Amino acid sequence: MVENLAIVDLGSNSARMAITEIAPDGRFREIRRVKENTRLSEGMGREKMLQEDAIERTIVALKRFKKIYQEIPNIKVRAITTAAVRQARNRQEFLNRVQREVGIHLQVLSGKKEAYYDYLGVIRTLRLNHCLILDVGGASCELVLVQQRKARNLISIPVGAVNLSEQFRLNGYVRSADLFRAQVAMNERLTKIPWLRYATRVPIVLLGGANRTLARMTQSYHHHRRRNNSIHGYQLSSRVVFATYRELLNRNLAQRKRMAGLEPERADIIIGGMLPLITLLQRNSDGRVIFSESGVREGIITEYVNQRKRHHE
């Protein structure tokens with residue numbers, strides 16, 4: 001019998017749901033994908049408290065998702081949440097409220113588990129023996145060093161597009177002093193990860209909203225429209241990444257909102273969102289970035305299908 005798996009992925013900047021049809025032989029295909037911009041980590045600040053407006057937006061989005069998946073037969077639901085809730089001091093109240101008002105049990109993924117699912121999703125669909133995976137979310141970054149197709153080291157650090165933009169005032173027109181402070185802080189974070197020195201001569205595989213935006217901006221600028229609008233496997237050089245970053249820094253918020261390929265609601269966090277990549281590329285002599293549309297959700301599906309297979313053997 002065909003199974004349907006709905007994965008609800010509540011991130012720090014957006015909430016997503018992917019519904020996947022799984023055949024008895026283990027093959028699977030996505031049949032529905034929905035996204036809502038919820039900005040759950042907005043205004044958390046140093047107190048690390050989820051704010052009421054952000055909670056309300058998120059609950060509305062989860063109710064919409066539920067309406068969709070309830071109409072699909074033989075459905076299983078796996079709901080996960082990541083950095084914003086992981087870091088929040090009021091996370092238990094939030095989880096209880098979601099359970100009460102929406103009827104969804106959210107599993108809070110650890111940073112390492114999130115990074116591992118990123119690895120599973122990437123390695124299933126990209127033929128790379130060695131790479132560094134970078135997933136930039138709203139409130140965290142996951143990094144995975146892949147050698148001989150194995151995850152050798154992985155880590156999650158609590159900096160992302162939303163909290164970097166808020167902390168260092170990178171949302172509007174960016175002052176050079178603010179950018180410098182942000183770059184120094186990001187560099188210090190990365191220097192504390194000893195195994196990153198083994199990742200200076202490998203391509204960087206990019207996941208997450210800020211990185212997807214970078215891909216779409218360069219595709220629009222260079223008229224690289226791809227089949228199905230997919231960015232999976234799309235490659236750029238560090239030179240193009242740096243040039244795009246410079247273009248963003250030259251504009252204020254209103255001007256960035258009009259740039260092709262950049263969703264207006266991401267214009268205030270794109271500079272903060274690209275900062276981890278820019279900092280890594282300054283240490284990297286390979287100079288290639290490769291985009292992956294396969295990440296945490298695909299990693300979860302891969303794990304689910306493999307477990308099901310073992311169960312039936």
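The values are calculated or read from the model by the stated rules, or taken from the named source; none is laboratory data. Bear in mind the structure is a predicted one, so any value in this text is a computation, not a measurement. Virtual Cβ from ideal backbone geometry, glycine too; neighbours counted across all protein chains shown. Side chains included, ligands, DNA and RNA excluded: accessible areas come from the protein's heavy atoms. Shrake-Rupley method; radii C 1.70, N 1.55, O 1.52, S 1.80 Å.
Residues of segment 1-15 that are part of a strand (DSSP E or B) and either modelled with pLDDT of 95 or more or among the small types (Gly, Ala, Ser) (or both): 4, 5, 6, 7, 8, 9, 10, 14, 15. For residue 156, the conditions (1) open to solvent by 70 Å² or more (accessible area, probe 1.4 Å); (2) over 23 Å from residue 287 (Cβ atoms); (3) touching a strand residue (DSSP E or B) at 6+ places or on another chain (Cβ under 7 Å) are fulfilled apart from (1). Only residues that are of a type in the set (A, V, I, L, M, F, W, C) and open to solvent by 10 Å² or more (accessible area, probe 1.4 Å) were counted in segment 1-27, giving 3. For segment 120-130, enumerate the residues that are surrounded by fewer than 24 Cβ atoms within 10 Å (Cβ to Cβ) and within 19 Å of residue 280 (Cβ to Cβ). Residues satisfying the conditions are 126, 128, 130.
Yes/no matrix, rows are residues, columns are (1) out of contact with any Lys or Arg (no Cβ under 9 Å at 6 or more places or on another chain); (2) of a type in the set (A, V, I, L, M, F, W, C):
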| site | (1), (2) |
| --- | --- |
| 1 | yes, yes |
| 11 | yes, no |
| 20 | no, no |
| 39 | no, no |
| 52 | yes, no |
| 66 | yes, no |
| 80 | no, yes |
| 90 | no, no |
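Annotation for segment 165-173: no member residue is out of contact with any Asp or Glu (no Cβ under 9 Å at 6 or more places or on another chain) and open to solvent by less than 80 Å² (accessible area, probe 1.4 Å).
Somewhere in segment 189-211, is a residue more than 19 Å from the chain's Cα centre (by Cα), of a type in the set (Gly, Ala, Ser) and exposed (fewer than 15 other Cβ atoms within 10 Å of the Cβ)? No. When residue 290 is tested against (1) outside any helix (DSSP H, G or I); (2) touching a helix residue (DSSP H, G or I) at 6+ places or on another chain (Cβ under 8 Å); (3) modelled with pLDDT of 95 or more, exactly one condition is not met: (2). So, in segment 51-76, how many residues would count as being open to solvent by 20 Å² or more (accessible area, probe 1.4 Å), under 20 Å from the mean Cα position of the chain (by Cα) and within 12 Å of residue 17 (Cβ to Cβ)? So the count comes out to 0. Looking at (1) under 22 Å from residue 81 (Cβ atoms); (2) modelled with pLDDT of 95 or more, which is the only condition residue 147 fails? Checking residue 147 against (1) under 22 Å from residue 81 (Cβ atoms); (2) modelled with pLDDT of 95 or more, the one that fails is (1).
Note on segment 267-313: residues that are crowded, with 22+ Cβ neighbours inside 10 Å and without any contact (Cβ under 8 Å) to a residue 60 or more places away in the chain amount to 1. Of all the residues in segment 16-48, those that are part of a loop (DSSP other than H, G, I, E, B) and at negative phi number 11. Inside segment 248-284, can you point out the residues that are closer than 23 Å to residue 38 by Cβ, of a type outside the set (Asp, Glu) and out of contact with any Leu (no Cβ under 9 Å at 6 or more places or on another chain)? If the condition is that a residue be closer than 23 Å to residue 38 by Cβ, of a type outside the set (Asp, Glu) and out of contact with any Leu (no Cβ under 9 Å at 6 or more places or on another chain), then 253, 257, 264, 266 are the ones that fit.
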